[in-house]
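Below: the structure, in structure tokens.
What follows draws every value from the coordinates through simple rules; no lab data is involved. What you see is a predicted model; the values in this text were computed from it and never measured. Note that each Cβ is placed from the backbone with ideal geometry, even for glycine, and that neighbours are counted across all protein chains shown.
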Amino acid sequence: MKFDLEGKIFQSVENTDNGEVSSDTLFHYHQEENIISAEYSGGCIANGHLLGKINIDGTLRFFYHHINSNGELKVGQCKSTPEILEDGRLKFHEEWQWGTGDNSSGKSVIVEIDSV
């Protein structure tokens, strides 16, 4: 699956209870060849970043870190599976795991939005 994430903005639409991302969190993606990065903030996320790559099958594999509104530094890793919606926007189904705290895992969904 081919797609270009450069300049795309995503919003969280689902997350498990142990996650910190909410519908107030926006992700601003960048892409250079198969390398991806993003800045994210909103809701209880004060400032966050992710860095990873797009695999041959179109899945994303990345590491993330952020500081939440309590001042805590959180890190983790994620595998994200793309879906192309009927209107052409991207939707990612994410399976993630914390690398700090209880090391629990969860699932979330983010969807491309037109603009902020």
Which label belongs to the value computed from this structure, given these candidates for Cα extents along the principal axes in Å: (1) 35, 32, 23; (2) 51, 25, 17; (3) 37, 28, 23?
-> (3)
Where in region 1-47 are there GluC sites (Glu not before Pro) that are in a DSSP coil and have at most 10 other Cβ atoms within 10 angstrom of their Cβ?
-> Glu6, Glu33
What trypsin sites (Lys or Arg not before Pro) does region 1-107 have in DSSP loop regions with at most 15 other beta carbons within 10 Å?
-> Lys2, Arg89
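What number comes out for the charge environment of Ser12, summing +1 per Lys or Arg and -1 per Asp or Glu over other residues with Cβ under 13 Å away?
-3
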Along the dipole axis of the chain (charges at Cβ: +1 for Lys and Arg, -1 for Asp and Glu; origin at the Cα centre), the most positive-end residue among Ser37, Asn47, Gly101 is Gly101
Under the Karplus curve 6.51 cos²θ - 1.76 cosθ + 1.60, θ = phi - 60°, whole-Hz ³J(HN,Hα) for region 25-35, x wherever Gly or Pro sits | 8, 10, 10, 10, 8, 9, 8, 10, 6, 9, 9
For Glu32, what charge total do you get from the other residues with a beta carbon under 11 Å from its beta carbon, if Lys and Arg give +1 and Asp and Glu give -1?
-> -2
Counting Lys and Arg as +1 and Asp and Glu as -1, each charge on the Cβ, what is the dipole of the chain about the Cα centre in debye, to the nearest 20?
-> 260 debye
Taking Lys and Arg as +1 and Asp and Glu as -1, residues besides Val109 with C-beta under 14 Å from its C-beta add up to -1
Find, among the chymotrypsin sites (Phe, Trp or Tyr not before Pro) in region 1-30, those assigned to loop by DSSP (not H, G, I, E, B) with at most 16 other beta-carbon atoms within 10 angstrom.
-> Phe3
